[in-house]
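Structure record follows, encoded as structure tokens.
Since every read-out is calculated from the coordinates, none of them should be taken as a lab result. Note that the structure is a prediction, hence the values are computed from the model and not measured. Neighbour counts run over all protein chains shown; Cβ positions are idealised from the backbone, glycine included.
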Amino acid sequence: MKKGDGSIFLFVVQKHRATTLHYDFRIQIGDVLKSWVVPRGPSLDPTRKRLAVETQDHPLSYIHFEGQIPEGSYGAGEVIVWDRGQCLYPSDPVNQYGEGKIKFLLKGEKLKGEFFLFRTERQAGPKSKWLLMKKYDSHISYEDITQSKPSSVISLRKLED
């Protein structure tokens, strides 16, 4: 993918109550969703760095999943689609991922504007630690969006419902 080639990629953030409450941040790179667990959820505040622990890739079809993961299955618990939308990259996302520095623009229902993911460890792959950060732009907000907008963008229900 080259800058300005018109490619549109997808992203989803799923609010997930498994062992603990967390947010699964997933961006399309190629034909999969690269995935990170963000314990405190994404932020529109550029002064807040969020830990993002990489997990296994997911198929693109997972972008619509909302419901109950059965007991005894990996990730058992409730899941809602907290946000979703388009993800645009200024340069090839595969190369960015390999370099451990991913820049992207989100056009979601809740998350908008420019973001970065920075790998904090040399080794890539599952369980590697990254930081998710918002860039200073016209879409910043200092409110805790996970608290002010807790509902699903699909069903409008809260995880507790």
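Fewest to most neighbouring Cβ within 10 Å: what's the order for Ser91, Ser138?
Exposure proxy ranking, most exposed first: Ser138, Ser91.
Could you please rank Val53, Val37, placing first whichever residue has the fewest other Cβ atoms within 10 Å of its Cβ? Please list the in-between numbers first.
Values: Val53 15, Val37 18.
In order of increasing Cβ crowding within 10 Å: Val53, Val37.
Of His64, Gly77, Pro39, whose Cα points farthest to the positive end of the dipole of segment 33-136 (charges on the beta-carbon: +1 Lys, Arg; -1 Asp, Glu; origin at the Cα centre)?
Projecting each Cα onto the dipole axis, the largest value belongs to Pro39.
Compute the relative contact order of the chain as a whole-number percentage, counting only Cα pairs closer than 8 Å that sit 6 or more residues apart in sequence.
25 percent
If you take Cα Rg over 2.2 N^0.38 Å from the coordinates, which of (1) 1.15; (2) 1.47; (3) 0.98 do you get?
Calculated Cα Rg over 2.2 N^0.38 Å: the matching label is (3).
Go through segment 64-131 and name the trypsin sites (Lys or Arg not before Pro) that are in a DSSP coil and have 14 or fewer other Cβ atoms within 10 Å of their Cβ.
Arg122, Lys127
For the pairs Lys107/Lys135; Lys34/Lys134; Lys129/Lys149; Lys103/Lys158, flag any whose C-alpha to C-alpha distance is greater than 24 Å.
On the way: Lys107/Lys135 14 Å; Lys34/Lys134 18 Å; Lys129/Lys149 26 Å; Lys103/Lys158 30 Å.
Beyond 24 Å: Lys129/Lys149; Lys103/Lys158.
For the chain, modelled as a Gaussian network with Cα springs under 10 Å, which listed residue fluctuates most, Phe65, Phe115, Phe25?
Of the options given, Phe65 has the highest mean-square fluctuation.
For segment 129-146, take each phi angle, set θ = phi - 60°, evaluate the Karplus expression 6.51 cos²θ - 1.76 cosθ + 1.60, and give the result in whole Hz per residue in order, putting x for glycine and proline.
So the J values, rounded to whole Hz, are 9, 10, 10, 9, 9, 8, 8, 5, 7, 6, 10, 6, 8, 9, 7, 7, 5, 5.
How large is the Rg to Rh ratio of segment 24-91 when both quantities use alpha carbon positions and Rh follows Kirkwood?
0.97
Name the long-range amide H neighbours of Lys135: under 5 Å, sequence gap of 5 or more, or other chain; modelled H, no Pro or chain starts.
Here Glu114, Phe115, Phe116 satisfy the definition.
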